[in-house]
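The structure under discussion appears below in the form of structure tokens.
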Amino acid sequence: MQEARGRHFATRDEVDFVVIGSGAAGGVIAKELSTAGFDVVVLEQGPYLPPTAFGHDELAEFQFGELMGSPADFPTTFRANEADEAHVTGGIALFYARLVGGSSVHFTANFWRLHEIDFIERSRWGPISGTGFADWPITYAELEPYYTKVDWEIGVSGAPGPFDPPRSRPYPMPPLPVKSSGILLERGARKLGLRPFPAPMAILSQAFAGRPACINCGFCLGFGCEVGAKSSTLAAMIPLAEATGRCEIRAESTVFRIAHDEAGRAREVVYWDRDGVEHAQRTKAVVLSANGAESARLLLESASSMYPNGLANSSGTVGKYLMFNGLSYAHGYFEHPLNEYKSVQVTRLLHDFYDSDPRRGFYGGGGIDGRWQYYPLWFANAGLPPDAPRWGAAYKRMLSEYFNYTMMTNGHTTSLPVASNSVSLDPSVKDKWGRQAIRVTYHDHADDLAMMQFLLDRGKEILDAAGAKRVWETPVAPQTNGAHLLGTCRMGNDSRESVVDRYHRAHDVPNLFVCDGSSFVTSGRGQPTMTIMALAFRAADHIARFARRGEI
Amino acid sequence: MTDREVSRRDFVGQSGSVLSAAWLAIQSPAVLAAARDARRAADLRLPFDVLSEDEATELEALAAQIFPTDETPGAREAGVIYFMDKALGSFAASQLAGIRTGLVDLRQRVASKHPGADRFSALPFSDQTSLVRDIEQTSFFARVQSLTVMGMFADPAYGGNRDRIGWTLLGFDPQPQYEPPFGHYDAEERDSR
């Protein structure tokens, strides 16, 4: 366990801000607010791990999800439709890491900006029935300075691509070295007239800000980076927050209620420490950045006689409009070794299909990357074509033949905001604290499934054109789990239809801000973390201004 | 154990998604850490933690059906059985009862298919293969398969994957870091410039 290096506050001290969560959003906000001169306590449910805790142990760290917490401790229930009863499923319904740095520690580090179109699609395409399709209350131009801030403060490698939105400053460092999957994606895509480009990644290709360059070890997806080259908030933001002497990272602190006073203002944040002892941290204001599932859950859980539907939920939209992004997978087997287990998961991608196109007959857009994302155990369980033998000499031989000779294309696509897709409190299943488990209700919109299929087909064409000896697919099916947790406390100008305003302030509670994936109004095309961090820099900027002006 | 739990442990992952990797419901990562001393025990040939010699012999024969020894080493040489024993004594302890029930059932199947015989491991290899075909859809075999794959490819610190036999089979060469070029096609591209 890491020694706390920042300041220590007593729970009776009224601090300027309590930030709930230390991930992509919370880590940025804690650093920005403490740097701006405010006293900040960060409450994080997971442990504070040093980089030496991150290794390459696939069984513990990946298969058992050591960084995520045991599903026995934190069950999540799932149902496809509101009429169904939800159950704990065979897998995990919501993928996120529980530790200081949150999921920015274990993510793959694909780091796309949204495009200008993402913010204004409702105006562009009109309403889509059965959805809450809406424009964002902010534009790309308003967010751009903060995207650039992320590039230069977090550390992003990349090179300009043909479909990029405008940027005010170049990437701080060049792309990571291209892999065979990147070369093959380029070859196939170019034959088809498409325009692939280097993937922007939140992984350092050069030493930057006192952190070393990536050593190409290959263990990004699902793992923490032992050298700190992955630009998690744990590596890039938390040390700066602590160095201000005004920020305490209080790990293993599980918040279960935001308490308010008679005026309806947030007053205390109530949590359990690692031993289950209850504490309440007094504060002038709260920033909730616990992720798109946990933030909504905490607001619902904080219901009171004044706020019977949950805190900040007069609109009834807390927890609704959950969006996972679509994912589709094509696989190709090639003549020569790719050795894809080395280095980062993705080095090339294409955005030719980013915009929606009415000629396709449905709404949607996305990007395709060339990648390989297996580790030995995972590959042995799931990496072979569906008709491959599962045991015996033929299975063994095929594993040997395929492991270093395959790659994938991943299609990353839009999810429409559908009100019934949601997180809510499960009426019967409890977690290890005795809290109601998070219940997920999710069924991809028909347009989302059509878009997934569309990019799956394009991916197969690219692999064919690249010379794959064999191409197979993972059939598109409604998703039953997600790692991108978006939309559940959406931003908006109308307090009847959204949870927070354009500055992330809760419409109902003036000293409560919510900023993380839950703020998204539409899903983008996948890879939301860059936008979560940009929103966090922007939110912190405005929150600091409000605080200085006495407007909180 | 219910069939739903079995399917969780099966972590078959019908899709290529990380999201479909299977997850064992373990008590705590600390239990897993405790299993990491397995290598030492295996090297010293200490007695098995939870399996009897007889159970271990049967399970090892099943593992060898999944990864047979042919021109390359298989589950036997990789010491998969030591991984299994350690796992069933720690993070996979909840599966032990099901494994034992399955072994009893296997013995009955052996006896009914090969009158006079009662041990799977004593049958000729091809007869074992034919029996595995009979049980390959059972939850018992799914459990054995899951543990065997782990024992073959998990870090050798857990007692299996001896001498990195599993990793060598795949062509996975774990180094702390790599330098480009990584594979044939990026090397080819670099050379053509």
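Here is a yes/no grid of residues against (1) touching a His at 6+ places or on another chain (Cβ under 9 Å); (2) within 24 Å of B:VAL144 (Cβ to Cβ); (3) among the hydroxyl-bearing types (Ser, Thr, Tyr):
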site: A:TYR354; (1), (2), (3): yes, no, yes
site: A:ARG359; (1), (2), (3): no, no, no
site: A:TYR363; (1), (2), (3): yes, no, yes
site: A:GLN373; (1), (2), (3): no, no, no
site: A:PHE379; (1), (2), (3): no, yes, no
site: A:ALA388; (1), (2), (3): no, yes, no
site: A:ARG397; (1), (2), (3): no, yes, no
site: A:SER400; (1), (2), (3): no, yes, yes
site: A:TYR405; (1), (2), (3): yes, no, yes
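I'm told A:THR531 meets every condition in (1) assigned to a helix (DSSP H, G or I); (2) surrounded by fewer than 24 Cβ atoms within 10 Å (Cβ to Cβ) except one. Can you identify the failing condition by its number?
Of everything listed in (1) assigned to a helix (DSSP H, G or I); (2) surrounded by fewer than 24 Cβ atoms within 10 Å (Cβ to Cβ), A:THR531 misses just condition (2).
Do any strands (runs of 3 or more DSSP E) lying entirely in segment A:313-388 carry at least 1 residues that are among the aromatic types (Phe, Trp, Tyr), and which ones are they?
A:326-333
Every residue in segment A:434-467 that is closer than 21 Å to A:LEU311 by Cα and either without any contact (Cβ under 8 Å) to a residue 40 or more places away in the chain or hydrophobic (A, V, I, L, M, F, W, C) (or both), please.
A:GLY434, A:ALA437, A:ILE438, A:VAL440
Please pick out the residue among A:ARG505, A:ARG458, A:ARG490, A:ARG470 that is basic (Lys, Arg), out of contact with any Asp or Glu (no Cβ under 6 Å at 6 or more places or on another chain) and within 30 Å of B:TRP167 (Cα to Cα).
A:ARG470
Limited to segment A:402-421, what total is found for residues that are within 12 Å of chain B (Cβ to nearest Cβ), assigned to a loop (DSSP other than H, G, I, E, B) and out of contact with any Leu (no Cβ under 7 Å at 6 or more places or on another chain)?
Adding up the residues that qualify gives 0.
So which helices (runs of 4 or more DSSP H) stay within segment A:136-244 end to end and still have 3 or more residues that are within 14 Å of chain B (Cβ to nearest Cβ) and surrounded by fewer than 22 Cβ atoms within 10 Å (Cβ to Cβ)?
none
Give the number of residues within segment A:467-483 that are over 30 Å from A:VAL423 (Cβ atoms) and either over 31 Å from the mean Cα position of the chain (by Cα) or at the interface with chain B (Cβ under 8 Å from one of its Cβ atoms) (or both).
Of the residues in segment A:467-483, 4 are over 30 Å from A:VAL423 (Cβ atoms) and either over 31 Å from the mean Cα position of the chain (by Cα) or at the interface with chain B (Cβ under 8 Å from one of its Cβ atoms) (or both).
Looking at segment B:110-132 only, could you name the residues that are out of contact with any His (no Cβ under 8 Å at 6 or more places or on another chain) and not in a helix (DSSP H, G or I)?
The answer is B:HIS114, B:PRO115, B:GLY116, B:ALA117, B:ASP118, B:ARG119, B:PRO124.
Taking segment A:283-309, which residues are surrounded by fewer than 23 Cβ atoms within 10 Å (Cβ to Cβ) and among the small types (Gly, Ala, Ser)?
A:ALA303, A:SER304, A:SER305
Taking A:SER498 as the residue in question, decide whether it is within 28 Å of A:ALA83 (Cβ to Cβ) and in contact (Cβ under 8 Å) with a residue 60 or more places away in the chain.
yes
Restricted to segment A:70-99, and to residues that are aromatic (Phe, Trp, Tyr) and more than 11 Å from chain B (Cβ to nearest Cβ), which residue is surrounded by the fewest Cβ atoms within 10 Å (Cβ to Cβ)?
Here the answer is A:PHE78.
Only residues that are within 25 Å of A:ARG187 (Cβ to Cβ), out of contact with any Leu (no Cβ under 8 Å at 6 or more places or on another chain) and away from chain B (no Cβ under 14 Å): list them for segment A:358-390, please.
Scanning segment A:358-390 gives a single hit, A:GLY365.
What tally of residues in segment B:133-174 results from selecting those that are within 8 Å of another protein chain (Cβ to nearest Cβ) and not in a helix (DSSP H, G or I)?
Of the residues in segment B:133-174, 6 are within 8 Å of another protein chain (Cβ to nearest Cβ) and not in a helix (DSSP H, G or I).
Do the conditions hold for B:ALA92, that is, is it within 12 Å of another protein chain (Cβ to nearest Cβ), in contact (Cβ under 8 Å) with a residue 40 or more places away in the chain and out of contact with any Leu (no Cβ under 8 Å at 6 or more places or on another chain)? Before you say what the answer is, go through the steps one by one.
Values: within 12 Å of another protein chain (Cβ to nearest Cβ): yes; in contact (Cβ under 8 Å) with a residue 40 or more places away in the chain: yes; out of contact with any Leu (no Cβ under 8 Å at 6 or more places or on another chain): no.
So B:ALA92 does not fit the description; no.
Can you tell me how many residues in segment A:283-312 are part of a loop (DSSP other than H, G, I, E, B) and among the charged types (D, E, K, R)?
Count: 0.
Kindly provide the set of residues from segment A:329-388 that are under 28 Å from A:HIS445 (Cα atoms), more than 21 Å from the chain's Cα centre (by Cα) and hydrophobic (A, V, I, L, M, F, W, C), ordered by number.
A:ALA330, A:PHE353, A:PHE362, A:ALA382
State yes or no: is A:GLY132 within 14 Å of another protein chain (Cβ to nearest Cβ), surrounded by 21 or more Cβ atoms within 10 Å (Cβ to Cβ) and at negative phi?
Answer is no for this residue.
Here are some residues: A:ILE117, A:ILE128. Which one is more than 22 Å from A:ALA236 (Cα to Cα) and not in a helix (DSSP H, G or I)?
A:ILE128
When you check A:ARG502 against the structure, is it under 22 Å from A:MET530 (Cβ atoms), more than 14 Å from chain B (Cβ to nearest Cβ) and assigned to a loop (DSSP other than H, G, I, E, B), yes or no?
Yes: the conditions hold for A:ARG502.
Each reported figure results from applying straightforward, stated rules to the coordinates on display, with no laboratory input. Predicted model, so just to flag it, every value in this text is computed and none were measured. So basically every Cβ, Gly included, is an ideal-geometry build from the backbone, and we count neighbours across all protein chains shown.
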